[in-house]
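Working notes, beginning with the structure itself.
The values are calculated or read from the model by the stated rules, or taken from the named source; none is laboratory data. These numbers were taken from a predicted model, which means no experiment stands behind them. A quick note on method: Cβ atoms are made from the backbone with ideal geometry, for glycine too, and the neighbour counts reach across all protein chains shown. Surface accessibility is based on the protein's heavy atoms, side chains included, excluding ligands, DNA and RNA. Shrake-Rupley method; radii C 1.70, N 1.55, O 1.52, S 1.80 Å.
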Amino acid sequence: MLNIILMGPPGAGKGTHAVWIAKDFNIPHISTGDMFREAMASGSELGNKIKEVVNSGNLVSDELTCALVKDRLSQPDCANGYLLDGFPRTIPQAEAFKKMGEEIGRGVNLVLNIGCPDEILIQRIAGRRVCPQCGASFNVNTMKPKVEGICDECGHELIQRKDDNAESFKVRLANYYKSTAPLLDFYKEQGLLADFDGNSEAATLKAELTALLEAKK
Ligand code: ADP
Ligand code: ZN
């Protein structure tokens with residue numbers, strides 16, 4: 001069983017790799033960032049509540065985030081594994097998640113960490129374009145879509161995320177180092193952490209990840 005958390009700084013490639021991992025290993029891809037963006041796009045109560053926080057690069061409260069994840073993880077499609085992307089992001093979230101995992105019998109058994117140097121992250125974020133429909137990401141410099149501005153996967157028009165600007169990125173990166181990076185030790189101590197280099201070629205990283213996942217599944 002693959003109950004996976006995918007970790008790494010913003011721009012490391014979590015979203016890109018999450019898409020094929022979910023497909024190849026037949027587990028749901030649960031991205032809290034995507035869930036929050038969907039809520040904002042739909043104009044729901046939750047969406048309106050979090051809009052400013054998310055667009056400025058800050059974190060949504062642990063309480064709201066944990067409630068959202070607990071709901072999602074309790075659904076039947078998570079019974080045979082899951083891939084969490086963007087959660088947990090703080091120590092209180094990791095602790096709450098440990099408890100809820102035990103409660104619903106779906107605790108994490110593998111944490112994949114995709115590391116990447118800051119200067120690469122900044123370049124990638126500036127060129128990133130995403131599909132608001134299916135969540136696929138592209139890059140105008142390094143991972144161009146086949147047709148400019150159009151999603152390869154579903155044909156929808158690509159957009160630039162509101163928080164993919166220099167100012168919000170700075171906030172996200174600072175939050176990552178302050179609040180999220182400490183989770184690496186938390187999971188290392190539990191023997192769950194596997195480190196990967198997000199600066200290597202996407203195909204190389206895919207092969208390395210596949211080898212580990214095949215061994216663990
Ligand atoms: P990235 O990894 O590129 O920074 P995500 O798509 O994972 O972006 O998240 C986008 C935004 O959604 C975050 O900057 C934050 O505002 C909110 N968010 C996502 N996941 C969480 C979380 N676990 N806790 C708090 N806020 C979150
Ligand atoms: Zn798409």
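Summing +1 for each Lys or Arg and -1 for each Asp or Glu among the other residues whose beta-carbon sits under 13 angstrom from that of LYS178 gives +3.
Here the sum of -39500 (n - 2.57) over DSSP H runs of 4 or more residues, divided by the residues of the chain, equals -14000 deg cm²/dmol at 222 nm, to the nearest 500. Highest GNM mean-square fluctuation among ARG106, ARG72, ARG124, for the chain modelled with Cα contacts below 10 Å: ARG72. Working from label points 7 Å from Cα in the Cα-to-Cβ sense, the ASN58 to ALA174 distance is 1.2 nm.
Across the cross-link table entries LYS99/LYS162; LYS170/LYS216; LYS144/LYS216; LYS99/LYS188; LYS14/LYS98; LYS51/LYS206, which are compared at the Cα atoms, the separations over 25 Å belong to LYS99/LYS162; LYS170/LYS216; LYS144/LYS216; LYS51/LYS206. The longest part of the chain holding none of the exposed loop GluC sites (Glu not before Pro), meaning those outside H, G, I, E and B in DSSP with at most 10 other Cβ atoms within 10 Å, is 1-147. Bridge orientation summary for the chain: considering DSSP beta bridges with both residues in this region, about 25 percent are antiparallel.
Once the C-beta distance of GLU153 and GLU189 is scaled by a Förster radius of 45 Å, the resulting FRET efficiency is 0.75 to the nearest 0.05.
If you average the sequence gap of Cα pairs under 8 Å that are 6 or more apart and divide by the length of the chain, what percent do you get for the contact order?
Working: 308 pairs, mean separation 65.4, N = 217.
The normalised contact order for the chain reaches 30 percent.
Under a Gaussian network description of the chain, with springs only between Cα atoms under 10 Å, the residue in ALA12, ALA94, ALA41 that fluctuates furthest is ALA41. Across the accessible surface of segment 1-132, with the other protein chains kept in place and a 1.4 Å probe, carbon and sulfur atoms take up 51 percent. Each principal axis of the Cα cloud of segment 142-217 was evaluated for its coordinate range; sorted largest first, these ranges are 44, 34, 20 Å. Values of log10 I(q)/I(0) for the chain across q = 0.14 Å⁻¹ run -0.87, by the Debye formula with one identical scatterer at each alpha carbon and no solvent. Annotation note: chymotrypsin sites (Phe, Trp or Tyr not before Pro) in segment 13-84 located in DSSP loop regions with a Cβ neighbour count of at most 14 within 10 Å are absent.
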